[in-house]
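Heads up, the thing below is written out as structure tokens.
What follows is calculated from the coordinates using simple rules that are stated; it is not laboratory data. A quick note: this is a predicted structure, and the numbers were derived from the prediction, not measured. Here Cβ is always computed from backbone atoms with ideal geometry, including for glycine, and neighbour counts include all displayed protein chains.
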Amino acid sequence: MEPQDEKPKSWKKMVSIAVSGAAGMISNHLLFKLASGEVFGPDQPIALRLLGSERSFEALEGSPVFLFLATTCVAMELEDSLYPLLREVSIGIDPYEVFEDVDWALLIGAKPRGHGMERAALLDINGQIFTEQRKTSEEVIKDSKCVEVCSSKNGAGSSAASTAVSIVDAIKSLIIPTPEGDWFSSGVYTNGNPYGIAEDIVFSMPCRSKGDGDYELAADVVMDDFLWERIKKTEAELVAEKKCVAHLTGEGVAFCELVREDTWIPGEM
């Protein structure tokens, strides 16, 4: 790969991006979008740090050796593709090393919902994964932006590809200024939201960004009665799911009483 000090003067300062679950299907779609410049732009060189999710492979009766080889294959394929913006690729299984001082952390190392798996069990497994990764990232990265993704659907390729596209859209919404009078939806913490949604959960909220990687909540979005009804049902589901992982968030003993009613809007599936 081309040495970093030979970059064209028109290119920006290199951005380092840590990606967990690097051997998974979502990352398999996402990493090449990052390397090609589709996400951060055609003049933005990047360095990728790939973190394999040892826990997820062990749950599938894999092994750390298989995990390392799978992640290595992904890294080799990226290097062989000779993307001019991809300046460095490194791999690791120690999150403290992978996350240290990165600019962006994309936490994608989740376990998909398997056949016959109860939602409570899935929440507990992924809750442990993200609690550990989030704790590590907060300890070793300073001023980075963090995008967390937990896909609870099955591991089908179409679902993984759609999730990768959603991650791309979420990042671009944060690095491109929102047009005047417009807004975008993103799953963010609800603390201080102007819509009366329960505090301290992650919920899709209307947002605006100045293009600096941060966002602010848009307080002037009008929602009709049908949409508001679906929003309140989704809110109830998330509050119930949060109680299932209370033992991981330090909020007491876990208690699962999950809402079973479907909250998909017609035409969304």
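Quick rundown of the values:
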quantity: Segment 177-222, relative contact order [Cα under 8 Å, separation at least 6], %; calculated: 37 percent
quantity: Burial ranking of peptide ranges 210-222, 13-25 (average Cβ count within 10 Å, highest at the top); calculated: 13-25, 210-222
quantity: Surrounding net charge for F184, when Lys and Arg each add one and Asp and Glu each subtract one, Cβ distance under 12 Å; calculated: -1
quantity: Amide H contacts of G187 (H built 1.01 Å from N, under 5 Å, at least 5 apart or other chain); calculated: M205
quantity: Gain upon complete extension [D225, M76; 0.36 nm per residue less C-alpha separation]; calculated: 48.5 nm
quantity: When each of K33/K233; K33/K111; K33/K232; K12/K135; K210/K232; K111/K145 is checked by Cα-Cα distance, pairs over 32 Å; calculated: K33/K233; K33/K232
quantity: Prolate/oblate/rounded label for segment 159-201 (Cα gyration tensor, a/c 1.5); calculated: oblate
quantity: Segment 179-229: proportion of alpha-carbon pairs further apart than 12 angstrom, %; calculated: 66 percent
quantity: Karplus 3J(HN,Hα) series, Hz, for segment 133-138 with 6.51 cos²θ - 1.76 cosθ + 1.60 (x for Gly, Pro); calculated: 5, 5, 4, 5, 4, 5
